[in-house]
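Some notes on the structure that comes next.
The values are calculated or read from the model by the stated rules, or taken from the named source; none is laboratory data. If you're wondering where the values come from, they're calculated on a predicted model, not measured in any experiment. Glycine also receives a Cβ, built like all others from the backbone with ideal geometry; neighbour counts cover every protein chain displayed.
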Amino acid sequence: MYSFIRGIVDEITSTSVIIDVSGVGYEIFTPNPYSFSEGVEVKVFVYQQIREDDNSLYGFKTKEEKELFLKLIGVKGLGPKMALPIIAMGSINGIADAINRENLLYLKKFPKIGDKLARQMILDLKGKLVVSGEVVEDEKDDLLEALKGLGYKDKDIKEVIPKVNKELKVEEQIKESLRLLVGR
């Protein structure tokens, strides 16, 4: 499994880029191939899909785009070829916000996304998308609720939460948040 590919953009097509890595050209399907420039060295975060009749690479400029793509293809009925236009047409924050607010109209503006698939996206992804290092869950966020329970104000909590390492367990996140709140 590949994590990323670094090489020089050799060719740009309407759906993909060809990345030359030491003389081997990798075709990588990407949400917006024209955001790349030929002859420029790039690092592309990739997902490899291997099926009986397919072995494809899907690439993204940022880890956040790749993570969103992986979440989207986890939705029942939504494959990689449907997920790419969603990422190309929408912002990560906009997509996460639409899912968390159950905004069907926003989701249905994407190609091949009808009412049924938009509802499935909401069902599968609501409260599970990470945006800018912060889980978009509003009231459901365990860290937020814990700090509120300890008597801290929303304003202070919202300043501290982005500074907390989200890789830590919730208990460790609470301790780190308290250190930041007390040290102000």
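Filtered by the rule that a residue be farther than 19 Å from residue 128 by Cβ, acidic (Asp, Glu) and surrounded by fewer than 13 Cβ atoms within 10 Å (Cβ to Cβ), the stretch 139-184 gives 154, 171, 172. Figure legend. Inter-residue proximity from the stretch 149-163: first residues over 13 Å from residue 174 (Cβ atoms), second residues outside any helix (DSSP H, G or I), beta-carbon distance below 8 Å, spacing 6+ or different chains. Indicated pairs: 156/184; 162/132; 162/133; 162/134. Scanning the stretch 9-20 for residues that are surrounded by 15 or more Cβ atoms within 10 Å (Cβ to Cβ) and among the β-branched types (Val, Ile, Thr) yields 9, 12, 17, 18, 19. Counting only residues that are basic (Lys, Arg) and part of a loop (DSSP other than H, G, I, E, B), which one in the stretch 113-147 is modelled with the highest pLDDT? Checking each candidate, the answer is 126. Test residue 75 against the criterion of being in the same structural domain as residue 125 (by TED's automatic domain parsing) and touching an Asp or Glu at 6+ places or on another chain (Cβ under 6 Å), and give yes or no. Spelling it out, residue 75 is indeed in the same structural domain as residue 125 (by TED's automatic domain parsing) and touching an Asp or Glu at 6+ places or on another chain (Cβ under 6 Å). Inclusion of residue 89 among residues that are out of contact with any Ser or Thr (no Cβ under 6 Å at 6 or more places or on another chain) and either acidic (Asp, Glu) or free of Cβ contacts under 8 Å to residues at least 24 places away in the same chain (or both) is warranted. Can you name the residue in the stretch 24-44 that is closer than 14 Å to residue 14 by Cβ and part of a strand (DSSP E or B) and, of all such residues, is farthest from the chain's Cα centre (by Cα)? The qualifying residue farthest from the chain's Cα centre (by Cα) is 27. Apart from one condition, residue 68 fits all of (1) touching a strand residue (DSSP E or B) at 6+ places or on another chain (Cβ under 7 Å); (2) among the hydrophobic types (A, V, I, L, M, F, W, C); (3) surrounded by 11 or more Cβ atoms within 10 Å (Cβ to Cβ); the exception is (1). Residues in the stretch 2-22 that are closer than 15 Å to residue 61 by Cα, part of a loop (DSSP other than H, G, I, E, B) and of a type in the set (Gly, Ala, Ser): 3 only. Cβ separations smaller than 8 Å between residues 6+ apart or across chains give the following pairs from the stretch 172-184 residues that are outside any helix (DSSP H, G or I) to residues that are charged (D, E, K, R): 184/156. Kindly list, by first and then second residue, each pair from a residue in the stretch 8-34 that is on the phi > 0 side of the Ramachandran plot to a residue that is surrounded by 15 or more Cβ atoms within 10 Å (Cβ to Cβ) and assigned to a strand (DSSP E or B), limited to pairs with Cβ atoms under 8 Å and residues at least 6 apart or on different chains. Matching pairs, first to second residue: 22/7.
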